[in-house]
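What follows is a single structure, written as structure tokens, with notes after it.
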Amino acid sequence: MDRIAPGFAGRAAGSTGTTGGSAGEATQARGDSHFAVLASAVRQVLGLDLDAYRSRQLERRLQFFRERHGLQDNAHLAARLRDDPALAHQFADFLTINVSEFFRNPDRFEVLRDRFLPALLRRRSPLRVWSAGCSIGAEIYSVAILLQELDPTGHHELLGTDIDGTALERARQGLFEPLEVRAVPPALLQRYFRPEGQGWVLRPKIRHRVRFARHDLITDPYPGGWDLILCRNVVIYFTEEVKRRVWASLAASLRPGGILFIGGSESLYGVAGTGLRYLSPCFYTRDEPASSEAVPATRHGPGGPPSLPPRR
């Protein structure tokens, strides 16, 4: 998954947050007296909370957008957002750039396929899987493909959510560019996609297994009872306070023994009180009573995990 929300160079960029950095940094970054006016307009017009995002990066994004459109300051931008729906749509797209691809960080998906999905399937079937901040759906579809390979007759519940309705509509269509499927092994590409023009279309047998819905990780209630949650490279753009709230909410949304799969540039180190226990890089589990079958931590030999070959 991944969505760049105020996006910056690449998908895993990050900087000091308003809460994680010093008060002086936050004040300097948001010293514009018109920021509150803009934040109010963005909240009312687009339903986005600018206060949740990292301040210095956000101000750079705002400055770039203002200069591109000839706007003097944040107050001018706020007025235009209220009066110009087309500009408001451009601003929303600019603020929530979506970048995603299938099997991003293939070694982590190998661990998911070889260890954690089989462990979860031994405990319960069908599984409930949620991709929070799913962007165009590549990662939840990646899980759908792995489950089809591991459990062809299973009827698992797979949900992808995002704040960006345009990205969700593209996810439902299932048409992907070559770069977005570059990590798909050739056999799986032939099995689950068909070429169309310059891209690839996901076949209905996978596409129809995933449901998509709009959800805001900052303001909306969280659905519960999930066996696996993917939230990858999303919260790195939030302030430290919002990060902690999101991690705790995702943990509470897992079933005991369920697994949280996060991005390679993220960590829960130092985030206390979530009830999550580290399993392996990018993987955490919600603790449960010791008498239950626990998902084991990952162990590999010196050569590491195998590459991601097609499996039936």
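The values are calculated or read from the model by the stated rules, or taken from the named source; none is laboratory data. Quick caveat: nothing in here was measured; it's all calculated off a predicted structure. Here the Cβ positions follow ideal geometry from the backbone for every residue, glycine too, while neighbour counts run over all protein chains shown. These area figures cover heavy atoms from the full protein model, side chains too; ligands, DNA and RNA do not enter into them. Shrake-Rupley method; radii C 1.70, N 1.55, O 1.52, S 1.80 Å.
Can you work out which of the residues in the stretch 269-312 that are part of a loop (DSSP other than H, G, I, E, B) and at pLDDT 70 or above is most open to solvent (accessible area, probe 1.4 Å)?
So the residue we want is Tyr269.
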State which residue pairs qualify: first residue among the β-branched types (Val, Ile, Thr) and inside the stretch 31-52, second residue assigned to a loop (DSSP other than H, G, I, E, B) and modelled with pLDDT under 75 in any location, beta carbons under 6 Å apart, and separation of 6 or more residues or different chains. Val42/Leu48
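The rows are residues; the columns are (1) acidic (Asp, Glu); (2) open to solvent by less than 10 Å² (accessible area, probe 1.4 Å); (3) within 19 Å of the chain's Cα centre (by Cα).
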residue	(1), (2), (3)
Phe109	no, yes, yes
Leu120	no, yes, no
Arg128	no, no, yes
Gly133	no, yes, yes
Tyr141	no, yes, yes
Ala144	no, yes, yes
Leu147	no, yes, no
His156	no, no, no
Asp164	yes, no, yes
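Every residue in the stretch 96-136 that is outside any helix (DSSP H, G or I) and closer than 14 Å to Val184 by Cα, please. Walk me through it before giving the result.
Of the residues in the stretch 96-136, the ones outside any helix (DSSP H, G or I) are 96-105, 124-136.
Those that are outside any helix (DSSP H, G or I) and closer than 14 Å to Val184 by Cα: Ser100, Glu101, Phe102, Phe103, Arg104, Asn105.
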Counting only residues that are modelled with pLDDT of 65 or more and over 29 Å from the mean Cα position of the chain (by Cα), the stretch 27-43 contains a total of 2
Might you check whether a residue that is surrounded by fewer than 17 Cβ atoms within 10 Å (Cβ to Cβ) and in contact with a Ser or Thr (Cβ under 8 Å, 6 or more places away or on another chain) occurs anywhere in the stretch 257-268? no
